[in-house]
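Single-structure report; data block below.
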Amino acid sequence: MLTRVAVVCVVAVSASALVLISVEDLGAPGVPSFRDQICGLDEGWLELIRRGYAEERVGQIAVLPRTPAYMAGGGRGWSHSGPWDYLQRVPLVFYGPGRIPPVGDVSRPATIADIAPTIAALLKGVVQADGRVLSEVARVGRSLLRRSSPRLIVTVVLDGAGGNVLDRWRDEWPVLAGMMRDGVSYTAARVGSSPSVTPAIHATLGTGRFPATHGISSVEMRDETGAVVDAFFDGTSARFLQVPTIAELWDEQNRNRALVGMIGHVPWHLGMIGKGAEAPRGDRDHAAWLDLESNRWITNEEHYELPAAFEDQSDLGSRLEELDASDGSRDRRWRGVPLDDESRIEEVPAFTEHHVEKLIEMIVQEGYGDDEITDLLFTNFKQIDLLGHYFNMASVQVRDAVAAGDAALGALVDHLNDSVGRGDYVIIVTADHGQQPDAAAVDGYGIDPTELFADVVQRFGPVVQDVAPTEIFLDEDALAQGDHSIEDVARFLGNYRLRDNAEGFFEQLFGSGKFSAGDRLLQMAVPATMLTRTDC
């Protein structure tokens, strides 16, 4: 057994989901039936999980950790995938002085899937969507929509800046607070599906559909051969998108004369704009993301165009020098992040400053917002999420990243007021998920996915392709060769106990009496096909 387990915190969830079923009540092997596991979930959680289920792409076994456990993020610390409210709650703000009414807080429910149909309404159109038009932003038939459409709509995703992160660092985002007050802010907004991971949620943002329809289920997905691949093929293709994005529909309607762009950290963000020239009637939209080894902005030139502004990174060196000196010593480090490591400098506030400066240069150089055809620009600031994985959401590193993201919003708003003009632009601000809370708040423990992988292999042979926070990918040919079934593995996981995953840490985890070595780790471990075929 591995001798390491992550210790994290969790938050309270619904009482019905916290009921532990004792072995004595169930008899051997002490695990509810697959149907009882599914139907025993909180109804809201089950709806989120079903919305995230893309049958041809997901792992063969759907899992959900039993609180206070959660699936640790392998080598990346804290994960953030699940239906729990602390991960689902996100900001959703529409701001545009002279264009968006200053409604302030709106308490009715909203999801990320509402963004695309609301953009469509601002463009005086409609799209088929799982989401709905947010009437406080775009009132069909009212004077607001009888005006011309805005010249530019910019959507900003503060990656990982869910409601629990913003609550933790409430004093660090005055610009966003002002946008909430002077625009429309949906205080009950949620992601809307689980897994709450970057590729799936950005595709929901772009299409207005949930993963069950748009086809991007998670980071890892099964392709047509059953192999586990990256959702966006490391940037070579967005072909797994099964429906068009609002940007693709708008571009096609305007014979590709609209400007469309996406600036992000990785190709997972391409779900906001779609396939570019890979689509039958598409063109090479602007797109840029980072080569994670060299930290250079790149694109797939077959399907997209790299904006000229992102070819020049000469400003980054001076920004890093200034950041290095900000703590009083020049040691080529920022809060534990080595500034000499090209693969890490994307995490620091200086990179956020660089990102927004290049974004503004791109708006000017490429002419975003210059004519009557509305241009659509999407961007993702990744630093809050990256530092949350490495240092936890309660760290000073995340605090500084929240402040840097807010300052970037301020710089962008100032530029749009001056260049595009008040009344001619809209900014949408949201996040793709919250973060796993700090261990100091509530005792909890992380399930070690590497150990779980090894334990399944020890029992069934080399049948595991990958272990993700909410699903297990299996090699079905290897299962058949060993005369095993998906159901066999699911039953094994349903009976998986804390002692199996954390042997050697009994004293640390069980000394307080809060946890038992015999606690089941997974509230649900079922064949994934049963999620939508089980009537509760």
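Before moving on, here are some points about what is shown:
- Residue match in the range 163-180 (condition: part of a helix (DSSP H, G or I), farther than 27 Å from residue 102 by Cβ, touching a strand residue (DSSP E or B) at 6+ places or on another chain (Cβ under 9 Å) and modelled with pLDDT of 95 or more): no
- Given (1) modelled with pLDDT of 90 or more; (2) of a type in the set (Ser, Thr, Tyr); (3) surrounded by fewer than 21 Cβ atoms within 10 Å (Cβ to Cβ), index of the condition residue 16 fails: (1)
- Residue in the range 386-404 that is more than 26 Å from residue 170 (Cα to Cα) and among the hydrophobic types (A, V, I, L, M, F, W, C) present: no
- Answer residue from the range 119-162, given it is touching a Leu at 6+ places or on another chain (Cβ under 7 Å) and more than 23 Å from residue 201 (Cα to Cα) and is modelled with the lowest pLDDT among those: 139
- Enumeration of residues in the range 459-504 that are over 21 Å from residue 227 (Cα atoms) and not in a helix (DSSP H, G or I): 495, 496, 497, 502, 503, 504
- Residue in the range 181-192 that is more than 25 Å from residue 52 (Cα to Cα) and either in contact with a helix residue (DSSP H, G or I) (Cβ under 7 Å, 6 or more places away or on another chain) or free of Cβ contacts under 8 Å to residues at least 24 places away in the same chain (or both) present: no
- Each residue in the range 100-120 was checked for being in contact with a helix residue (DSSP H, G or I) (Cβ under 7 Å, 6 or more places away or on another chain), small (Gly, Ala, Ser) and surrounded by fewer than 22 Cβ atoms within 10 Å (Cβ to Cβ), and 2 of them qualify.
- Subset tally (residues that are of a type in the set (Val, Ile, Thr), under 13 Å from residue 83 (Cα atoms) and under 8 Å from the mean Cα position of the chain (by Cα)) for the range 186-200: 1
- Members of the range 108-139 that are of a type in the set (S, T, N, Q) and closer than 21 Å to residue 158 by Cα: 111, 118
- Answer residue from the range 213-234, given it is among the small types (Gly, Ala, Ser) and buried (at least 20 other Cβ atoms within 10 Å of the Cβ) and is farthest from residue 49 (Cα to Cα) among those: 231
- Any chance residue 247 is in contact with a helix residue (DSSP H, G or I) (Cβ under 7 Å, 6 or more places away or on another chain), in a helix (DSSP H, G or I) and assigned by TED's automatic domain parsing to the domain that holds residue 378: yes
- Test: residue 218 is in the same structural domain as residue 129 (by TED's automatic domain parsing), farther than 17 Å from residue 130 by Cβ, among the hydroxyl-bearing types (Ser, Thr, Tyr) and not in a loop (DSSP other than H, G, I, E, B): no
The values are calculated or read from the model by the stated rules, or taken from the named source; none is laboratory data. Note that the structure is a prediction, hence the values are computed from the model and not measured. Neighbour counts are summed over all protein chains in view; Cβ atoms, including those assigned to glycine, are modelled from backbone coordinates with ideal geometry.
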